[in-house]
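Before any comments, here is the structure.
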């Protein structure tokens, strides 16, 4: 089976003797929505940088859709993988939204005639057509992230990585970007979406969650499987979504709500 | 010491094509000793507002009163040093401001500038490092080898070393993992209990409900509401206008209430207290 991303015994340290990514064996399925969850310093962003060839591993290998990452293949791999970073202000290049989406296309020498159509198409997909001639400074944080997403999608990647893409946004911006991630999965069913976060609410909708701790995989499974291990997650500085937390407190006090979703909980509790 | 805003407006880059009015007719009283949240969208004027409290910005019209300091529009304020000692500001990502070789020297920088004597400073540093949840072994370490959360604590210690009565925090939990963020909030709660006024700019509604006495909601540079968090989060039309969602625990409690469970919403501040309220309503004994 070919994975979107597969690493074997991947190791990386920023300084000698302090390992950040420790013999990591990750397998991310093609077309999946995978969330990488982990505390600060667990190695999750370093992992993304390694996959993009922004850092070079000490040892081990990385395969992206079956191609091994090497100095010869790094540009081919970067064509397959797009990334949206944490701070929307740090990734804006163009003077207008249109210019910003055009930047990547220009670098890929897409002919001018084609470019306009592509820009419109992707601005449409992220709901930013009306803002195409606006300056970035006039956009909200959530809108900036949507433009960044359009810029990445315009390069038609097979894999998009969101690296803490909601953590600097206000509540509306967060919701915008979360909805956009779900929307992407419907619009591009073959796209692999990887979200790196410690926001457990982002993780609720994943096909699969991979929990990182100390540069290794601590756990891997569906949201239900992962969030049923509350005390372990809390011990590694993470949290569980509201529903799971409430269920587990009530469970300990004799009110069993196993596997109920919110609506079912209301029914049971109000009986 | 309370902070009073009287008819304050603030305009960035006046008389230029980029002119932008960030605050419009702000009238507010922030009471001494309270834990106050300032909430609102990006661009609603939160940071502009708090920067008036220690005169980093001065009003375009109106006046700001902090204890016996009065800052009027268009006059050059005097005694700023004293004001800035009273009202300490922790910016977003304060760890970027660390610069000294050791944690000790970094914390010392502020009080040294205020010409305090070395012995007083030394005693202070040893108590402050513990107050922010680190131990004395950190003092001789380089701030740059610490984790993100630890760096942020050191930066906050540097502000605390000036013994401010008011601590202003601009999104202090941004980027921290759940444990780091909740430890940070507990630190502010501790400082509040020691008598400091805490003014917190935040997007995290869960923390507003759990820790704050009062919330000020800004919209387009104006005060849309000043009330207890419970009151703010029960104002449906305001929430909708601001596209803010109430914290999950309160939202869920309202659902239960609607479905017939009798709950006292004013007691609910987090998931734990919601669970307690449910158990009580169901008659489950402790």
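For residue B:74, indicate whether it is surrounded by fewer than 16 Cβ atoms within 10 Å (Cβ to Cβ), more than 24 Å from the chain's Cα centre (by Cα) and either modelled with pLDDT of 90 or more or farther than 26 Å from residue B:30 by Cα (or both). Here the answer is no, as residue B:74 does not meet what is asked.
All conditions but one from (1) under 30 Å from residue A:171 (Cβ atoms); (2) surrounded by fewer than 17 Cβ atoms within 10 Å (Cβ to Cβ); (3) more than 17 Å from the chain's Cα centre (by Cα) apply to residue B:56; the one that does not is (3).
Would you call residue B:100 within 25 Å of residue B:176 (Cα to Cα), free of Cβ contacts under 8 Å to residues at least 60 places away in the same chain and in contact with a helix residue (DSSP H, G or I) (Cβ under 7 Å, 6 or more places away or on another chain)? Break it down into steps so the answer makes sense when it comes.
Working: within 25 Å of residue B:176 (Cα to Cα): yes; free of Cβ contacts under 8 Å to residues at least 60 places away in the same chain: yes; in contact with a helix residue (DSSP H, G or I) (Cβ under 7 Å, 6 or more places away or on another chain): yes.
Spelling it out, residue B:100 is indeed within 25 Å of residue B:176 (Cα to Cα), free of Cβ contacts under 8 Å to residues at least 60 places away in the same chain and in contact with a helix residue (DSSP H, G or I) (Cβ under 7 Å, 6 or more places away or on another chain).
Taking the criterion of being within 30 Å of residue A:66 (Cα to Cα) and touching a residue at least 40 places away in the same chain (Cβ under 8 Å), would at least one residue in segment A:122-137 satisfy it? Within segment A:122-137, one or more residues are within 30 Å of residue A:66 (Cα to Cα) and touching a residue at least 40 places away in the same chain (Cβ under 8 Å). For segment B:248-264, indicate whether the set of residues that are more than 18 Å from residue A:266 (Cβ to Cβ) and either within 14 Å of chain A (Cβ to nearest Cβ) or touching a residue at least 12 places away in the same chain (Cβ under 8 Å) (or both) is non-empty. Within segment B:248-264 (the criterion being more than 18 Å from residue A:266 (Cβ to Cβ) and either within 14 Å of chain A (Cβ to nearest Cβ) or touching a residue at least 12 places away in the same chain (Cβ under 8 Å) (or both)), the answer is no, since none of the residues qualifies.
Looking only at residues that are surrounded by fewer than 21 Cβ atoms within 10 Å (Cβ to Cβ) and more than 14 Å from the chain's Cα centre (by Cα) in segment A:158-191, which one is farthest from the other protein chains (Cβ to nearest Cβ)? Result: A:190. Mind checking which residues of segment B:20-53 are loosely packed, with under 15 Cβ neighbours inside 10 Å and within 14 Å of chain A (Cβ to nearest Cβ)? Matches in segment B:20-53: B:20 only. For the condition surrounded by 17 or more Cβ atoms within 10 Å (Cβ to Cβ), at pLDDT 95 or above and not in a helix (DSSP H, G or I), residue B:223 qualifies. The listed residues are B:230, B:181, B:174, and the only one of them that is under 30 Å from residue A:260 (Cβ atoms) and either within 14 Å of another protein chain (Cβ to nearest Cβ) or assigned to a loop (DSSP other than H, G, I, E, B) (or both) turns out to be B:181. Scan segment B:237-246 and tell me whether some residue there is under 30 Å from residue A:233 (Cα atoms), free of Cβ contacts under 8 Å to residues at least 40 places away in the same chain, surrounded by fewer than 20 Cβ atoms within 10 Å (Cβ to Cβ) and out of contact with any strand residue (DSSP E or B) (no Cβ under 9 Å at 6 or more places or on another chain). The answer is no; no qualifying residue exists. I need a count of the residues in segment B:103-117 that are over 22 Å from residue B:184 (Cα atoms) and modelled with pLDDT of 90 or more. Here the count works out to 2.
Listed by position, the strands (runs of 3 or more DSSP E) inside segment A:1-83 whose residues that are away from chain B (no Cβ under 14 Å), surrounded by fewer than 16 Cβ atoms within 10 Å (Cβ to Cβ) and out of contact with any strand residue (DSSP E or B) (no Cβ under 8 Å at 6 or more places or on another chain) number at least 3 form an empty set.
Restricting to segment A:244-264, name every residue that is on the phi < 0 side of the Ramachandran plot and more than 8 Å from chain B (Cβ to nearest Cβ).
Listed by number, the residues that qualify are A:244, A:247, A:248, A:251, A:252, A:256, A:257, A:258, A:260, A:261, A:263, A:264.
Of the residues making up segment A:224-240, those that are in contact (Cβ under 8 Å) with a residue 24 or more places away in the chain and either facing another protein chain (nearest Cβ under 8 Å) or over 24 Å from the mean Cα position of the chain (by Cα) (or both) number 3.
Please determine, by comparing only the residues of segment B:185-206 that are assigned to a helix (DSSP H, G or I) and within 12 Å of chain A (Cβ to nearest Cβ), which one is nearest to residue A:175 (Cα to Cα). If you could, list the steps in order and put the result at the bottom.
Initially, segment B:185-206 is screened for residues assigned to a helix (DSSP H, G or I), giving B:185-193, B:205-206.
Right, trim to within 12 Å of chain A (Cβ to nearest Cβ) and you get B:205-206.
Values: B:205: 13, B:206: 15 Å.
Restricting to residues being assigned to a helix (DSSP H, G or I) and within 12 Å of chain A (Cβ to nearest Cβ), the top hit is B:205.
The values are calculated or read from the model by the stated rules, or taken from the named source; none is laboratory data. Keep in mind that this is a model prediction, so the values were computed, not measured. Every residue, glycine among them, receives a Cβ derived from its backbone with ideal geometry; neighbour counts consider all protein chains shown.
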